[in-house]
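Each remark here refers to the structure printed beneath this line.
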Amino acid sequence: MSTAAHPPVRRPARVAYATCRGVEDVEELPVLAAFARLGVDAEAVHWNDPAADWARYDLVLVRSVWDYILYHEEFLTWTRRVSALTRLANPARVLERNTDKTYLRGLAEAGLPVVPTLWVAPGDPADAVAAVDWPELVVKPTVSSGARDTVRTADRAEALAQVAALTGAGRTAMVQPYLPMVEEEGETSLLYLGGEFSHAVRRGPMLGGGFEDVAREPDADQLALAARVLAASAEPGELLYARVDLVRLADGSPALIELELTEPRLFLALCPDGPARLAAAACALLPGNTRPRPGVSPV
């Protein structure tokens, strides 16, 4: 009788697609299907589900956690806890920095072109807000998404009232000029998956209506700026996904309006192989750094 040890039982890799309650994530099903084609067991899990066993997953993919702004500190605690149990993408330290838009101040101080911004923390004077010569202002909190608690106005008194409301609630306010170019050319969002440029989208303005989102071929200066922004924001190979939102200033030069590394819409519907690209890039982060093939289960 042979006494040779039995080989270990192989099981499919497990991936949690982290989302939240009460949202419709149109990218969820295509991405889960792409994982299935690679032989990976992937399922959607609410990030704050107390019954979730994060240790059973080989990777937790942070995606539509759009309610994190209501539970910011709880969310950051969750990212650190999950990171101690398994691989989190994007990493916890990236998410902690990126969920507060003051990261833009750091990038501007590093010499990158960022949309001009005034920062007013609780207790700071707001005199500079009344003094700027921008025709219209956009006031928003530094922890926000989807234009929540954001005001666009040409009335300095209204802008100051919004700043006071935010800082009075213990939040930091950011004040920027409203850029008419957003209505003309739109924002350009450059999407990166697995550290590589994937596709770009022309986005209409979130404030005041606009045109539909459509695929766009980015210009060379936009690609160059996006590369600089990413290099200044993360270590090589650290980001599974990134969205770099750019707008052109009055002189025609591109400037960063936002860097989305936490829960961005990736506009996968505008890139036919986008879900497959994301799933394949995620599989490169699995234990052993292997990329499962269709019909082949990883160890």
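The values are calculated or read from the model by the stated rules, or taken from the named source; none is laboratory data. Worth saying up front: this structure is predicted, and the values here are computed from it rather than measured. Here Cβ is always computed from backbone atoms with ideal geometry, including for glycine, and neighbour counts include all displayed protein chains. The area values use the complete protein model at the heavy-atom level, side chains included, leaving out ligands, DNA and RNA. Shrake-Rupley method; radii C 1.70, N 1.55, O 1.52, S 1.80 Å.
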Residue hits (segment 82-111; open to solvent by 20 Å² or more (accessible area, probe 1.4 Å), under 20 Å from the mean Cα position of the chain (by Cα) and of a type outside the set (Phe, Trp, Tyr)) are SER83, ARG87, PRO91, ARG93, GLU96, ARG97, ASP100, THR102, ARG105, GLY106, ALA108
Scanning segment 210-222 for residues that are in a loop (DSSP other than H, G, I, E, B) and not charged (D, E, K, R), the one modelled with the lowest pLDDT turns out to be GLY210
Looking across segment 129-152 at residues that are open to solvent by 50 Å² or more (accessible area, probe 1.4 Å) and free of Cβ contacts under 8 Å to residues at least 24 places away in the same chain, the single one that is nearest to the chain's Cα centre (by Cα) is ASP149
Within 26 Å of TRP66 (Cβ to Cβ) and β-branched (Val, Ile, Thr), is that true of VAL132? no
If we take segment 110-201, then helices (runs of 4 or more DSSP H) inside it with 1 or more residues that are more than 26 Å from GLN222 (Cα to Cα) and hydroxyl-bearing (Ser, Thr, Tyr) are 156-168
Residues in segment 253-274 that are in a loop (DSSP other than H, G, I, E, B) and surrounded by fewer than 20 Cβ atoms within 10 Å (Cβ to Cβ) total 4
Selection from segment 266-283 of residues at pLDDT 95 or above and not aliphatic (A, V, I, L, M) yields PHE267, CYS271, ASP273, GLY274, PRO275, ARG277, CYS283
In the set ALA34, ALA55, ALA18, the lone residue that is closer than 30 Å to ALA231 by Cα, small (Gly, Ala, Ser) and in a helix (DSSP H, G or I) is ALA34
Over segment 153-176, the set of residues open to solvent by less than 40 Å² (accessible area, probe 1.4 Å) and out of contact with any helix residue (DSSP H, G or I) (no Cβ under 7 Å at 6 or more places or on another chain) is GLN162, LEU166, THR167, THR172, MET174, GLN176
Out of (1) assigned to a loop (DSSP other than H, G, I, E, B); (2) touching a residue at least 24 places away in the same chain (Cβ under 8 Å), the one ALA42 does not meet is (1)
If we keep only residues of segment 21-31 that are outside any loop (DSSP other than H, G, I, E, B) and either hydrophobic (A, V, I, L, M, F, W, C) or touching a helix residue (DSSP H, G or I) at 6+ places or on another chain (Cβ under 6 Å) (or both), then the residue most open to solvent (accessible area, probe 1.4 Å) is LEU29
Given the conditions (1) under 20 Å from the mean Cα position of the chain (by Cα); (2) at negative phi; (3) without any contact (Cβ under 8 Å) to a residue 40 or more places away in the chain, every one holds for ASP155 apart from (1)
Residue hits (segment 178-194; at pLDDT 95 or above, open to solvent by 10 Å² or more (accessible area, probe 1.4 Å) and of a type outside the set (A, V, I, L, M)) are TYR192, GLY194
Scanning segment 223-252 residue by residue, those in contact with a helix residue (DSSP H, G or I) (Cβ under 8 Å, 6 or more places away or on another chain), open to solvent by less than 40 Å² (accessible area, probe 1.4 Å) and either in a loop (DSSP other than H, G, I, E, B) or within 25 Å of ASP67 (Cβ to Cβ) (or both) turn out to be SER233, ALA234, GLU238, LEU239, LEU240, TYR241, ALA242, VAL244
